[in-house]
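Working notes for the structure below.
Bear in mind that the values in this text are calculations on the coordinates, not laboratory data. As the structure is a computational prediction, the values presented were derived from the model and not from experiment. Note: ideal-geometry Cβ built from the backbone for every residue, glycine included; neighbour counts use all protein chains shown.
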Amino acid sequence: MAPAECEATYKVLVLGDSNVGKTCIVHRYCDQTYYDTYISTIGIDFKQKIISLDGTPIKMQIWDTAGQERFRTLTTAYYRGAMGILLMYDVTNQESFNNLTYWLKNIEENASPDVIKVLAGNKCDAVSQRMVEQDMGQKLAENYDIPFYEVSCKQNINIDKIFLTLARHIREQRSYQQLTEREHYDSGQNGNITLDLKSRILEHTSLKEPWKCTC
Amino acid sequence: MFYVFLMNIENGSVLIPDLEQYEVPPWKRHYMVQKRRCKINAVPQRPLLPPIKIVLVQPREKECPKKTERRQSLKKIEISPDFSTLLARNRDRPLVSSLPPPPLPELPVVDEDAILRDALSSESSLNSCTSSASSVISEVAAPSLNDDEQNSLTEIPLSGGINPRDYRQITRDPKKEEKQRDEKERLFRLFDQLLSEIYTAEEMSRVSRRRSDNLLYTGRSGNKVERYHSHCGFLERYRVEEEPLRYSVELLQKKSVPEIERIVNRLNLHLKEAGDNLVSGLEERDKLVIENQGLCDLITASLQAISAKRSEDTEMRFSVSPGGGDTGFSEWAKAMKMVARLPDGVPAHFRKTLWLSLADKHLSSKNISWPQVERSIFSDRLNPDDQELSVQIVKDLHRTGCSLFCGTSGQHNQAVLKRVLLAYARWNKNVGYCQGLNMLAALILQVMQGFQGETVKVMIYLIEGVLPESYFADNLRGLSVDMAVFRDLLSLKLPELSRHLDNLQQESKDSGTSYEPPLMDVFTMQWFLTIFCNCLPQQTVLRLWDLLFLEGDSVLIKAALVIWQSLAERMLSVRSADEFYSIMAVLTREMMEFGLMEANNLIKILSPTEPLQLGSFLASKRREWKALKIISSRSRSKGE
């Protein structure tokens with residue numbers, strides 16, 4: 001649990017309509033358990049898991065949100081800090097799929113522009129109740145250029161995989177960011193204000209805690 | 001199969017102690033009764049019950065001429081709990097141990113002459129009986145018995161149902177007779193015990209109801225006897241009227257004058273009896289009212305004695321339900337506030353009354369006529385919005401965190417919860433349904449013992465009368481205002497902790513790793529929205545709710561303050577936002593499972609005599625933040 005043991009903390013936000021299985025996937029992933037009944041998420045909640053990403057210990061801090069529309073003003077405050085977003089729909093619920101465009105718009109407005117997104121269609125075990133075909137999800141994901149998986153919390157299908165994909169992408173994104181920032185830093189001090197600020201921070205942290213991941 | 005009755009010899013009414021499973025047959029017409037006396041030595045000299053006889057009757061089943069058929073047609077008797085324990089005891093021990101064994105009655109011989117003899121001997125020995133109670137057992141011959149039947153005491157095998165006139169036709173079999181005798185002997189003992197238990201029970205109820213001692217009842221016999229009716233309601237309930245209390249005109253026209261006179265006499269007696277009962281009932285009620293008042297005064301005095309003895313404490317007045325008018329209500333509410341702060345708080349069985357009284361007061365202060373409202377919000381006719389509301393409500397019915405609403409056994413409760421949530425949404429269209437209301441409604445429903453109308457009343461009071469405006473509506477503005485107000489309060493009351501948490505939040509921003517909203521918001525949001533119902537153990541939650549209902553929304557903020565105060569020390573050692581969340585994840589789980597502290601301590605810390613003018617502080621801060629939030633939401637919508 002001690003933060004020093006982990007190379008970094010990746011913040012992941014889980015979004016999607018109410019009852020698509022957001023809490024469920026978080027519990028499945030973090031506690032390796034599945035219950036039929038959970039408590040409806042009120043506002044926002046979080047869970048953590050330490051994973052080994054190709055040998056590097058990483059802490060996944062997963063933020064679980066309430067799906068109901070009226071909670072959105074309260075939850076958008078948590079979009080900005082997220083490095084990854086797991087967007088979910090329920091394959092047995094057409095409405096939850098239709099709302100994805102709304103969610104993507106919401107993410108675009110509130111989250112950081114380089115946030116990593118992954119799309120998940122949950123409850124793929126419920127074959128008889130399926131309303132949304134796999135290729136529809138696939139198509140949408142391709143349109144937005146984000147990875148897509150159909151998952152099942154009940155039967156533990158693709159759960160670890162999807163979070164691992166998310167973590168890998170976050171890592172890539174961060175090392176890329178680090179690189180570009182360093183380039184800017186090296187290439188001179190004429191960057192814009194934000195970059196300037198960022199690089200100063202970088203300097204500050206790297207001086208203070210040279211052993212810690214500075215990305 | 002046979003039936004057991006207790007018959008009041010004085011008036012011929014039939015008393016059946018707690019035997020609802022028994023079918024009461026029109027026994028007078030259909031059953032032949034053989035009489036037999038049982039002495040009850042153990043009964044006190046003067047019985048409080050009128051003399052009782054035990055009547056054992058058996059259906060005469062003409063339509064089943066063959067024994068085997070008859071037996072098959074008999075249903076197994078479900079013996080009531082009292083009886084089965086009695087039987088079980090009897091099976092192990094032949095006689096009552098605590099009481100001197102009653103002398104065994106003469107064994108009956110299945111023979112009409114013997115029956116007559118028995119009857120005679122019972123008459124003659126009646127005078128020598130120490131008790132004036134005489135129990136008479138009657139039974140009909142048992143033509144066949146076999147071993148396995150004997151073993152089963154729940155179905156005492158006195159099968160047969162043959163009219164005594166047929167006795168002579170029964171072939172005699174000595175072995176069978178012996179078995180019969182054993183069986184009967186056992187039965188007599190059983191009834192001896194039954195009688196003595198009835199008397200003992202009567203004696204006990206008399207002792208426990210001392211105030212009824214002087215109430216007299218004029219029975220049909222004209223003698224004044226102890227008013228046993230009020231004592232042994234369980235017997236009285238089963239009194240069977242022999243004759244109807246209503247007669248049709250045609251029926252009366254057919255009757256002769258003496259018959260009608262008899263009916264008139266009988267009805268007069270009934271009337272007198274009813275009148276007497278009414279008078280004594282009213283007298284008893286008056287006494288109880290006075291006694292109740294005395295007890296309430298006593299409690300008021302005790303509460304005042306332990307109160308802080310401020311001037312307003314003298315205004316409290318304890319009563320079970322609020323007195324009339326606004327003064328009566330405020331006197332009652334003040335007393336209840338004291339009760340809620342007593343070491344054990346409001347007793348669990350009283351909580352429903354308390355919450356409902358407060359909710360009713362809220363509704364009446366808003367001039368809401370509840371029956372009409374209730375009809376419309378619970379109506380089966382669908383409203384235009386119902387479809388959309390139901391979709392969201394149904395998603396959350398099983399997600400209340402309360403096991404009563406889970407699985408197949410919770411289906412009924414889920415249906416009730418759905419009606420409640422829909423009814424509230426219809427009542428307050430602005431709020432409609434908000435996630436989190438499912439948990440609140442589930443808890444209230446539990447306290448209201450499943451009554452949906454009452455649950456909605458309390459929900460209305462909670463959301464509209466207690467909590468600040470827009471806790472669940474308008475993008476939860478009221479809630480986000482309170483979260484901000486709480487941060488202000490924390491910086492005032494726990495400056496060190498507040499500063500530390502702010503620094504952690506700022507650091508993570510500065511370090512560029514991530515942006516953090518105020519750290520404690522996650523928790524405050526959950527606590528306020530669910531009113532702690534999924535954050536603390538239920539007993540603590542209920543006590544907090546009692547206070548919340550009685551003292552208003554500041555309880556919520558004070559409770560949150562107490563929680564952070566108790567966590568402050570551990571929080572101050574935390575070095576990063578990351579670590580803060582890690583530790584809080586563990587602590588919140590602990591809080592839910594074990595409680596933060598003993599409920600009493602928590603209630604005690606939430607002291608009503610807050611030196612800080614919390615009320616006015618909250619009000620002014622809320623106004624400030626509300627204005628800010630409105631401005632920011634307007635600018636946001638303009639931006640869009």
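Observations on the structure shown:
- Computing FRET efficiency as 1/(1 + (r/R0)^6) for residue B:182 and residue A:50, where r is the C-beta to C-beta distance and R0 is 60 Å, gives about 0.20.
- Cα-based Lys pair tally, the range B:282-378, threshold under 18 Å, eight or more apart or on separate chains: 7
- Within the shell of other residues whose beta carbon sits under 14 angstrom from the beta carbon of residue B:452, the net charge comes to +3, with Lys and Arg scored +1 and Asp and Glu -1.
- Difference of contour (0.36 nm per residue) and Cα-Cα distance, residue A:69 to residue A:139: 22.6 nm
- Residue by residue along A:72-85, Cβ atoms of other protein chains within 10 Å of the local Cβ number 4 on average.
- Cα-based shape type of the range A:11-167, given that a ≥ b ≥ c are square roots of the gyration tensor eigenvalues and the cut on a/c is 1.5: rounded
- Alpha-carbon centroid distance for the pair the range B:365-381 / the range A:80-124, whole angstrom: 41 Å
- Summed side-chain charge close to residue B:441 - residues other than residue B:441 whose Cβ falls under 13 Å, Lys, Arg +1, Asp, Glu -1: +2
- Approximating the spin labels as points 7 Å out from Cα along Cα→Cβ, the residue B:305-to-residue A:172 distance works out to 7.8 nm.
- Cβ-based exposure ranking for B:296, A:153, in which fewest neighbours within 10 Å come first: B:296, A:153
- Listed pairs A:123/A:161; B:493/B:629; A:49/A:154; A:47/B:493; A:49/A:161 exceeding 22 Å between Cα atoms: B:493/B:629; A:47/B:493
- Prolate/oblate/rounded call for the range B:290-373, Cα gyration tensor, a/c under 1.5 rounded: prolate
- For the residues of A:63-71, the average number of beta carbons from a partner chain within 10 Å of their own beta carbon is 5.
- Residue mean of other protein chain beta carbons inside 10 Å, B:474-480: 4
- Here the calculated FRET efficiency for residue A:80 and residue B:598, from their Cβ-Cβ distance with R0 = 56 Å, stands at 0.90, rounded to the nearest 0.05.
- Given +1 at the Cβ of Lys and Arg, -1 at the Cβ of Asp and Glu and no other charges, the dipole of the range B:419-516 around its Cα centre is 480 debye to the nearest 20.
- Overall form of the range B:239-323 per C-alpha gyration tensor (a/c, 1.5; a/b vs b/c): prolate
- Distance between the modelled labels on residue A:108 and residue B:506, one decimal in nanometres: 3.7 nm (7 Å Cα→Cβ projection).
- Label-to-label distance, residue A:180 versus residue B:321, with points set 7 angstrom from Cα along the beta-carbon direction: 7.2 nm.
- Compared with the alpha-carbon gap, the fully stretched path from residue B:249 to residue B:429 is longer by 58.9 nm at 0.36 nm per residue.
- D_trans [Stokes-Einstein, Kirkwood Rh over alpha-carbon pairs] for the range A:6-67, 20 °C, 1.002 mPa s, µm² s⁻¹: 176 µm²/s
- Stretching the chain fully between residue B:370 and residue B:175 yields a gain of 62.9 nm (0.36 nm per residue, less the alpha carbon separation).
- For the range B:262-324, the residue among B:311, B:267, B:298 whose Cα projects farthest onto the positive side of the dipole built from Cβ charges is B:267.
- Normalised alpha carbon radius of gyration of the range B:511-571 [divisor 2.2 N^0.38 Å]: 1.31
- Sorted by Cβ neighbour density within 10 Å, fewest at the top, the residues B:344, B:360: B:344, B:360
- Backbone N within the range B:428-465 under 19 Å of label point (7 Å from residue B:630 Cα along the Cβ vector): B:430-431
- Charge dipole magnitude, Cβ of K and R +1, D and E -1 - the range B:247-401, Cα centre, debye nearest 20: 220 debye
- Distance between the range A:1-63 and the range B:330-359 - C-alpha centres, whole angstrom: 42 Å
- Residue exposure proxy: B:578, B:385, A:114, B:192, ordered by other Cβ atoms within 10 angstrom of their Cβ from fewest to most, comes out as A:114, B:385, B:578, B:192.
- Calculated FRET efficiency for the pair residue B:290/residue B:383, C-beta based, R₀ 41 Å, to 0.05: 0.20
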